[in-house]
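Heads up, the thing below is written out as structure tokens.
The values are calculated or read from the model by the stated rules, or taken from the named source; none is laboratory data. Computed from a predicted structure; not experimentally measured. Cβ sites come from the backbone with ideal geometry, for glycine too, and all protein chains shown count toward neighbours.
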Amino acid sequence: MRSPRMKRLGRLFSFPVMLGSVLLVLAVLTVRSRFDDPDLWWNLKIGQVIWTTHIIPVTDQFSYTTNHHAWIPHEWLAQLVIYGAYRAAGYSGLMFLLCLMTAALLAAGYALCSLYSGNSKVAFLGALILWFFATIGLSIRAQMIGYIFLVVELLLIQLGRTRSARWFFALPPLFALWVNCHASFIMGMIVAFVFWASAQVSFRSGSLVSAQWEPRSRRRLGYALLLSVAALFLNPVGIKQILYPLDTLLNMPLLLGNVAEYAPLRMSDERGVALMGLLLLSFLMVMTRRARMFWDEAFLLVLATWMAVSHERMLFVFGILAAPVLSRQLSKSWEGYDPEKDRPSLNALFIGMALVVAFLAFPTRQNLVSQVEAQSPVKAVEFIQQHHLAGPMLNDHAFGGYLMWAAPEHPVFVDGRTDVFEWTGVFREFGNWATLRTGPEVLLNKYRVQFCLLNPESPMVRVLPLLPDWKIVYSDSTAVVLERSPVQGAAEMVPPDVHGELKLAEPDLAAR
């Protein structure tokens, strides 16, 4: 008979925990070279503003083209977390946050698949499925927190339906945090209401099943959902923040049509092939009656598939929703974990080795600096600052976030906050200019642009030097700086007003 202390040690160094440590290593190895995401920098800057001013910005403060247009701070809490990590340990703090979020995502997914399947070995396979599809978007961005919350929501609902209905009342505080971290809260609401609707009915059609929940669980889930809807209003701008995800889907065609991560899934891509393979496997298991499919699972799988096929970034959501379903269906295909056959000492050795590997794989600060220099216009910004380039700047869309962070003295033309630039029409103007659908001088003259910071692959890098007043003053493998030659006797100009019209600067009477 083992003592309580030995039992605790046995659970701590059990085979399922050892598998979890493997996921930790996988998390670090996956993201160690993913430090510099273009959206990191503007998230970091907004987090800094909130941290230092204690004010959540609700208008644009960083661009001269939007004229302080109203802005929805739909990720402000996540941005504060990101800046907090930077403030604590600089680049290393940000990388630690990324590793932590990735490990938390995989660990929560592993726990979810274990709860669904009752088989830790199959659950590990489910966690790998989640990891595979999540690689489409593992980065230091607010969406990571949103997707962790989606996994946590599924865990709470599963615990509520199988253990105790009290778990449902953790949903309202979850949504109160979620609505302030990422717009994916709307997906969480859809998931919750699908489960609630499923709980109301009972039917069976072949292997497609819906099992009605007991009245007490149905009532508690309903109350929790009502409180969750109310919790969504705990945000800085009220209903506007709640409606923001719908506004993005319905009223931002340029964002959805021109930003790469919103592009449709290429079915020849490895993730497209894997998606179709998993769906086929699940379908065959249902058709051959080797496994059941609950109608809420079927609905969510269809929804997630449609979203992933429409926008490849939604593969992340597909992985989260598909992994537990596949784990449950495959639970009897692999022998389960038997605690009596466990070997804690061997597990402890593997866990220790996993921790050492994760520690050694964590990138050095110099490695992180090198990643930033390889992806962001670091040297070009240093050139701009050292040579005191002045006047309105036109920058590449992907460079806007880094400029907000590294060169706040130069208001950006456009950046990764594509929503506010689409609302104001700037994104359309910039897109037409960058793709040569309008004359190159039209936009430059309208905003009196004095210098440009562009990607070397931009067509404008070859077009602008052909114009009489423009020349390349700096170039490297990451960025090109072009400057307009000053025109003698030209009237001093200021950026356009809110209606997009240029105004002459007021004369300096004192100088006369």
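Which of the numbered conditions does Y116 fail, given that it passes all the others? Conditions: (1) modelled with pLDDT under 95; (2) assigned to a helix (DSSP H, G or I); (3) surrounded by fewer than 22 Cβ atoms within 10 Å (Cβ to Cβ).
The single condition Y116 does not satisfy is (3).
May I ask you to list the residues in the stretch 337-372 that are touching a helix residue (DSSP H, G or I) at 6+ places or on another chain (Cβ under 7 Å), over 29 Å from A142 (Cα atoms) and surrounded by fewer than 14 Cβ atoms within 10 Å (Cβ to Cβ)?
Result: no residue meets the conditions.
For the stretch 47-65, how many residues are closer than 20 Å to M95 by Cβ and buried (at least 21 other Cβ atoms within 10 Å of the Cβ)? So that I can check it myself, show each step before the final result.
Residues of the stretch 47-65 closer than 20 Å to M95 by Cβ: 47-48, 51.
Filter once more, keeping what is buried (at least 21 other Cβ atoms within 10 Å of the Cβ): 47.
The total comes to 1.
Would you mind finding the one in M314, M404, M393 that is hydrophobic (A, V, I, L, M, F, W, C), outside the structural domain of F96 (by TED's automatic domain parsing) and under 24 Å from the mean Cα position of the chain (by Cα)? Give the derivation first.
Working: M314 fails: outside the structural domain of F96 (by TED's automatic domain parsing); M393 fails: under 24 Å from the mean Cα position of the chain (by Cα).
Going through M314, M404, M393 in turn, the sole match is M404.
Among the candidates R204, R218, single out the residue that is without any contact (Cβ under 8 Å) to a residue 24 or more places away in the chain, in the same structural domain as L156 (by TED's automatic domain parsing), closer than 24 Å to R292 by Cβ and in a helix (DSSP H, G or I). First the steps, then the outcome.
Details: R204 fails: in a helix (DSSP H, G or I).
The unique qualifying residue is R218.
Just wondering, is there one or more residues in the stretch 330-337 that are outside any helix (DSSP H, G or I), under 24 Å from L155 (Cβ atoms) and within 30 Å of the chain's Cα centre (by Cα)? Break it down stepwise before answering.
Filtering the stretch 330-337 down to residues outside any helix (DSSP H, G or I) leaves 330, 334-337.
Add one more test, that the residue is under 24 Å from L155 (Cβ atoms), and what stays is 330, 334, 336-337.
Subset that is within 30 Å of the chain's Cα centre (by Cα): 330.
Among the residues of the stretch 330-337, at least one is outside any helix (DSSP H, G or I), under 24 Å from L155 (Cβ atoms) and within 30 Å of the chain's Cα centre (by Cα), which makes the answer yes.
State all residues of the stretch 143-184 that are small (G, A, S) and without any contact (Cβ under 8 Å) to a residue 12 or more places away in the chain; if no residue qualifies, say none. First the steps, then the outcome.
Filtering the stretch 143-184 for residues small (G, A, S) gives 146, 160, 164-165, 170, 176, 183-184.
Residue satisfying the conditions is S164 alone.
I'd like the residue in the stretch 271-293 that is closer than 17 Å to L115 by Cα and crowded, with 17+ Cβ neighbours inside 10 Å and, out of all such residues, is farthest from the chain's Cα centre (by Cα). Before you say what the answer is, go through the steps one by one.
As a first pass, look at the stretch 271-293 and keep what is closer than 17 Å to L115 by Cα: 291-293.
Filter once more, so that each one left must be crowded, with 17+ Cβ neighbours inside 10 Å: 291, 293.
Working: A291: 33, M293: 30 Å.
So the residue we want is A291.
So F132 passes all but one of these: (1) within 18 Å of the chain's Cα centre (by Cα); (2) farther than 30 Å from Q366 by Cβ; (3) surrounded by 19 or more Cβ atoms within 10 Å (Cβ to Cβ). Which condition number does it fail?
Looking at each condition in turn, F132 falls short on (3).
Which is in contact with a His (Cβ under 8 Å, 6 or more places away or on another chain) and assigned by TED's automatic domain parsing to the domain that holds L467, of F430, F413, F451? So that I can check it myself, show each step before the final result.
Numbers: F413 fails: in contact with a His (Cβ under 8 Å, 6 or more places away or on another chain); F451 fails: in contact with a His (Cβ under 8 Å, 6 or more places away or on another chain).
When all the criteria are applied, what remains is F430.
List the number of the failed condition for L156; all other conditions in (1) in contact with a Leu (Cβ under 7 Å, 6 or more places away or on another chain); (2) surrounded by 20 or more Cβ atoms within 10 Å (Cβ to Cβ) hold.
Looking at each condition in turn, L156 falls short on (2).
Does the stretch 65-72 include one or more residues that are modelled with pLDDT under 95, under 29 Å from L156 (Cβ atoms), out of contact with any strand residue (DSSP E or B) (no Cβ under 8 Å at 6 or more places or on another chain) and not in a helix (DSSP H, G or I)?
yes
Among the listed residues P324, P344, P339, identify the single one that is assigned by TED's automatic domain parsing to the domain that holds G93, over 28 Å from F35 (Cβ atoms) and at pLDDT 95 or above.
Details: P344 fails: at pLDDT 95 or above; P339 fails: at pLDDT 95 or above.
After ruling out the rest, the residue left standing is P324.
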